[in-house]
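Input: a single structure, listed below in structure tokens.
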Amino acid sequence: MRGGEELDGFEGEASSTSMISGASSPYQPTTEPVNQRRGLAGLRCDPNYLRGAHGRLKVAQVILALIAFICIETIMECSPCEGLYFFEFVSCSAFVVTGVLLILFSLNLHVRIPQINWNLTDLVNTGLSTFFFFIASIVLAALNHKAGAEIAAVIFGFLATGVYTVNVFLSVQKWRVSLHQQSTNDYIRARTESRDADGRPEIQRLDT
């Protein structure tokens, strides 16, 4: 009887000890990997963005920049080649950067990085692409050798410039709206904090 009681007491102490050690153990089961897998598996294309004006402009920019880059790459001989190299760099850079932004916006990946002002980022990209595409197209048009690929590249370069210009106008409007909303939210937050600060002394007086 006494041995059984001691055995039962030992088992109780062992179970309680295991519960305590399990509660304080750093190797606790977590659902974070499951959430991460859900987040990666939940990537879906946003049809509303692609159907909107910004999405359509982004798709058009990527296509035009790619076609302009392909046209300029088909040229085998050039003299001088500075204008061709500059147009090649501009079209390739615009295609890559705009393509990355299109992927981020269409999959809503930019929402996961709120530290970056994406409206301003899009505005800077479209503004720089508009400027450099315009300059590169003018230089290539002035230095071309009447070749079909050069003429096609110039045409698609000016088309890309026009599309980027429209996007700049829309991005400026969107950026202004975001600034207005941010200032409004900051004002509401400041008013709420001031009201809370004014109400605390009255609550303390009632408590006393």
Gain in span if fully extended, His145 to Val96, counting 0.36 nm per residue against the direct Cα distance: 14.9 nm
18 Å cut-off, amide nitrogen to a point 7 angstrom out along Arg44 Cα→Cβ, residues in the stretch 97-118: 104-112
FRET E, pair Thr184, Asn117, Förster distance 25 Å, beta-carbon r, rounded to 0.05: 0.90
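What whole-number value in Å² describes the accessible area per residue of the stretch 72-163 for a 1.4 Å probe?
In whole numbers, the stretch 72-163 has 53 Å² accessible per residue.
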Span from the the stretch 74-95 Cα centroid across to the the stretch 43-69 one, whole angstrom: 24 Å
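The values are calculated or read from the model by the stated rules, or taken from the named source; none is laboratory data. It should be emphasised that the depicted structure is a prediction, and the values quoted were computed from it without experimental measurement. No Cβ is skipped: glycine too gets one built from the backbone with ideal geometry, and neighbour counts run over all protein chains shown. Only protein heavy atoms, including side chains, enter the accessible area calculation; ligands, DNA and RNA are left aside. Shrake-Rupley method; radii C 1.70, N 1.55, O 1.52, S 1.80 Å.
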